[in-house]
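Q: Here it is, the structure, as structure tokens.
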Amino acid sequence: MLGANGAGKTTTLRAISGTVSRSGTIELDGKILKGGPEVAAKSGIAHVPEGRGTFVELTVLENLRLGAYTRRDRDVKADITRVGEYFPWMVERGGQRAGTLSGGEQQMLALGRALMSRPRLLLLDEPSLGLAPLIVREFFRIVRELNEKEGLTVLVVEQDARIALRASQRAYVLEVGRVALTGTSDELQGDESIRRSYLGY
Ligand SMILES: Nc1ncnc2c1ncn2[C@@H]1O[C@H](COP(=O)(O)OP(=O)(O)OP(=O)(O)O)[C@@H](O)[C@H]1O
Ligand SMILES: [Mg+2]
């Protein structure tokens, strides 16, 4: 999901994850979602907010465990192992206080924490903000792997249209709360006039 500052991207993600009151309906797999954040979380929606929302006073492992709090089953260990396959350093440095991680590491930790809830739909709000290009590429490589290997659906909000279109299959351009343009990412990337007028590159 692309769009200028103030277009309503964050608000859209909040409406989906039930963290803002909304009108209209949100449907997931043909079922209408009713209720707040708990209902959304139980339905398999994980939201990594703008600015990550890492608990800086807690350790890496404590942050990961918190990600599983909506789940009833107790197999949190297995999921930590699974997250550790994507991010080995999170297990190795599990005792480190999250506030002392670098910005890129904190963004990865926020993703790891979201994965602990075993989501079906992952919402990412501007994950590339403030990160070096190399880290951004690594982040999106992992997101793509999650999509391809585990069938995880990811809705990502990005300022950087180039990165977002390369990593995604479909795109939505938001303008003051409405979808102004939608299509496959290849279509949008391939059309120069669209790129100029909507995407700014
Ligand atoms: N709770 C609220 N009450 C009133 N206005 C709000 C509220 N939340 C958001 N807005 C307004 O709605 C508009 C869209 O905000 P939103 O945060 O969704 O934008 P955005 O597309 O994520 O922008 P950015 O790229 O800057 O993050 C903004 O003008 C914002 O001030
Ligand atoms: Mg926003």
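Q: Restricting the search to the stretch 1-15, which residues are more than 6 Å from ligand 1 (Cβ to nearest atom) and under 18 Å from Ile163 (Cβ atoms)?
A: At the first step, the residues of the stretch 1-15 found to be more than 6 Å from ligand 1 (Cβ to nearest atom) are 1-2, 4, 12-15.
Hits for the stretch 1-15 are Met1, Leu2, Ala4, Leu13.
Q: Can you go through Glu50, Glu57, Glu126 and tell me which one is farther than 24 Å from Glu150 by Cβ and touching a strand residue (DSSP E or B) at 6+ places or on another chain (Cβ under 6 Å)?
A: Values: Glu57 fails: touching a strand residue (DSSP E or B) at 6+ places or on another chain (Cβ under 6 Å); Glu126 fails: farther than 24 Å from Glu150 by Cβ.
One residue alone meets the criteria, Glu50.
Q: If you go through the stretch 15-44, how many residues are surrounded by 14 or more Cβ atoms within 10 Å (Cβ to Cβ) and among the small types (Gly, Ala, Ser)?
A: 7
Q: Which of the residues spanning the stretch 16-44 are more than 15 Å from the chain's Cα centre (by Cα), away from ligand 1 (no atom under 15 Å from the Cβ) and among the aliphatic types (A, V, I, L, M)?
A: Ile26, Leu28, Ile32, Leu33, Val39
Q: Separate question: From the residues in the stretch 7-19 that are under 23 Å from Ala171 (Cβ atoms) and either without any contact (Cβ under 8 Å) to a residue 60 or more places away in the chain or assigned to a strand (DSSP E or B) (or both), which one is nearest to ligand 2 (Cβ to nearest atom)?
A: That would be Arg14.
Q: Oh, and also: Of the numbered conditions (1) out of contact with any Ser or Thr (no Cβ under 8 Å at 6 or more places or on another chain); (2) part of a strand (DSSP E or B); (3) within 16 Å of ligand 1 (Cβ to nearest atom), Gly183 fails exactly one; give the number of that condition.
A: Condition not satisfied by Gly183: (3).
Q: Output the number of residues of the stretch 86-104 satisfying the condition of being assigned to a helix (DSSP H, G or I) and either closer than 24 Å to Pro133 by Cα or in contact with a His (Cβ under 9 Å, 6 or more places away or on another chain) (or both).
A: Taking the stretch 86-104 as the starting set, the residues that turn out to be assigned to a helix (DSSP H, G or I) are 86, 88-92, 98-100, 103-104.
Then keep just the ones that are either closer than 24 Å to Pro133 by Cα or in contact with a His (Cβ under 9 Å, 6 or more places away or on another chain) (or both); that gives 86, 88-90, 98-100, 103-104.
Residues that pass the stated criteria total 9.
Per-residue answers, yes or no, for (1) closer than 19 Å to Leu109 by Cβ; (2) touching a Ser or Thr at 6+ places or on another chain (Cβ under 9 Å):
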| position | (1), (2) |
| --- | --- |
| Ala7 | no, no |
| Gly18 | no, no |
| Ser23 | no, no |
| Ala41 | yes, yes |
| Leu58 | yes, no |
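We did not get these values from a lab; they are worked out from the coordinates using the rules stated. These figures come from a predicted structure and were not determined experimentally. Please note: Cβ atoms are built from the backbone with ideal geometry, for glycine as well, and neighbour counts cover all protein chains shown.
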